[in-house]
Amino acid sequence: MRFLAALLLALPLTAFSQYPQRAIKLIVPFPPAGATDIVGRIVAQKLGERLGQAVVVENRPGAGGSIGSDLVAKSPPDGYTLLMATSSTHSIGPALQKLPYDPIRDFAAITHVADVPNVLVVSPKLPVTSVKELIAYAKARPGQLNYASSGTGTIVHLNAELFKMLTGVDIVHVPYKGTALSIPDLANGSIAMLFDSLASVMPNIRAGTAKPIALNAVRRSALLPEVPTFAEAGLPAFDRYTWFGMFAPAGTPAEIVRRI
C-alpha cells in the first residue's frame with residue numbers, strides 16, 4: 001500500500017517534470033514593434049532559455065487585443081499556448097464592452113511581467129513643444145485635431161479620453177490595430193498625437209518621427225530626461241501606466257503554471 005501511494009504521488013510529478021516537450025507559443029494580441037510585442041519577445045527569449053524549449057511569439061492583432069486573447073482562452077490548457085496580456089485586454093476592454101472571453105474565468109494567471117509608463121507624442125509637423133501649447137492649439141481648432149490608438153477600449157484610447165476630460169479639448173479618435181501602425185501617419189502629420197508606451201515609441205522619438213512632450217510617470221525617465229512628467233506639465237491627475245502579464249487558458253495544471 002505504501003508503495004502504491006508513493007507511485008500515485010510520483011506519477012503527476014513525473015509527467016509535469018517533463019514539461020515542456022515541444023515549442024511553446026506565446027500569443028501577442030497586438031502587431032509587431034508595439035510595447036506588448038517588445039515585452040513579449042524579451043520574456044519569450046528568457047523563458048525559452050530557462051525551460052529548454054523554444055518560445056515562439058505569434059502576433060494576433062485586432063479588436064483592441066481581444067482577438068488574440070480569445071484565441072488563447074479557447075486553446076487547450078496544456079501549457080503550450082500562452083498570452084501576453086495587458087491592461088487593455090484584461091482590465092479596460094472587459095469593463096467597457098462585451099468580449100468573447102471572461103478575463104478571470106477563462107484564464108489562469110501566471111505572473112505580472114511589467115509596468116510601463118506612457119508618453120504623449122505629437123506629430124513633428126505640429127507647431128507645439130509642450131502640453132500647454134498643445135492644449136491652446138487644440139482649443140483654437142475644436143474637432144480638427146485627431147489622435148491615434150491601438151483600438152477602442154485600450155489603455156491608449158482611454159489615456160487620450162482622460163486627457164480630453166482634464167483639459168476640455170475636442171480631439172477625434174482614430175483607432176488602429178496597434179500604435180506602431182499609426183507612426184507613419186503621425187510622422188506625415190495626418191495624425192496629430194498619440195499616447196504610446198515608452199518601450200515602443202523610443203525608436204520613433206530617436207528617428208524624429210514622433211515628438212515627446214510629456215511622460216505619465218512619477219519622475220522623469222533617464223531615456224528622456226528633458227521631457228517633463230504630466231505633473232510638471234500642470235496635469236497632476238494624469239497618472240496612468242500600462243501593465244503586462246502572462247496568462248494561460250483556464251484549466252492549465254497548477255504545476256505547469258508554477259513552472260512557467
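The values are calculated or read from the model by the stated rules, or taken from the named source; none is laboratory data. Quick caveat: nothing in here was measured; it's all calculated off a predicted structure. Note: ideal-geometry Cβ built from the backbone for every residue, glycine included; neighbour counts use all protein chains shown. Keep in mind that these areas ignore ligands, DNA and RNA; they rest on the heavy atoms of the full protein, side chains included. Shrake-Rupley method; radii C 1.70, N 1.55, O 1.52, S 1.80 Å.
The amide H of residue 27, built 1.01 Å from its N in the peptide plane, has 58, 82, 83, 84 as neighbours under 5 Å, considering only residues 5 or more places off or on other chains.
With springs connecting C-alpha atoms under 10 Å apart, model the chain as a Gaussian network and identify which of 42, 135, 171 has the largest mean-square fluctuation. Answer for the Gaussian network model of the chain: 42.
A straight Cα-to-Cα reach below 21 Å connects residue 139 with the lysines 125, 164, 211, residues fewer than 8 places away in its own chain not being considered.
Largest GNM mean-square fluctuation across 81, 111, 36, computed for the chain with C-alpha springs under 10 Å, falls on 111.
Using a 1.4 angstrom probe on the protein heavy atoms only, line up 196, 106 by accessible area, largest first.
Listed by decreasing accessible area, they come as 106, 196.
By the rule of a C-alpha distance below 19 Å, with chain neighbours fewer than 8 residues away ignored, the lysines paired with residue 25 are 46, 74. Solvent exposure of residue 78, expressed as accessible area, is near 50 Å², computed with a probe of 1.4 Å over the protein chains only. Dipole magnitude for the chain: computed about the Cα centre from +1 point charges on Lys and Arg Cβ and -1 point charges on Asp and Glu Cβ, it is near 260 debye. If you build a Gaussian network model of the chain, linking Cα atoms that sit under 10 Å apart, which residue out of 221, 150, 87 swings the most? Largest GNM mean-square fluctuation: 221. Computed from Cα atoms, the angle from the helix 2-17 axis to the main principal axis of the chain rounds to 30 degrees. The gain in end-to-end length when the residue 22 to residue 232 segment is fully stretched comes to 70.6 nm, 0.36 nm per residue minus the alpha carbon separation.
Against the criterion of solvent-accessible heavy-atom surface with a 1.4 angstrom probe, 173, 157 sort, most first, into 173, 157. The long axis of helix 155-167 is offset from the longest Cα principal axis of the chain by roughly 30 degrees. Of the beta bridges in the chain, as assigned by DSSP with both residues counted there, near 60 percent are antiparallel.
Cα centroid separation, the range 94-142 to the range 34-75: 21 Å.
Can you compute the label reach from residue 141? Point 7 Å from Cα along the Cβ direction, backbone N cut-off under 17 Å, restricted to the range 189-221. Backbone N within reach: 189-195, 210-213. Rounded to two decimals, the Cα-based Rg/Rh of the range 140-260, with Kirkwood Rh, is 1.05.
For residue 110, the accessible surface of its heavy atoms amounts to roughly 30 Å² (probe 1.4 Å, protein chains only, rounded to the nearest 10).
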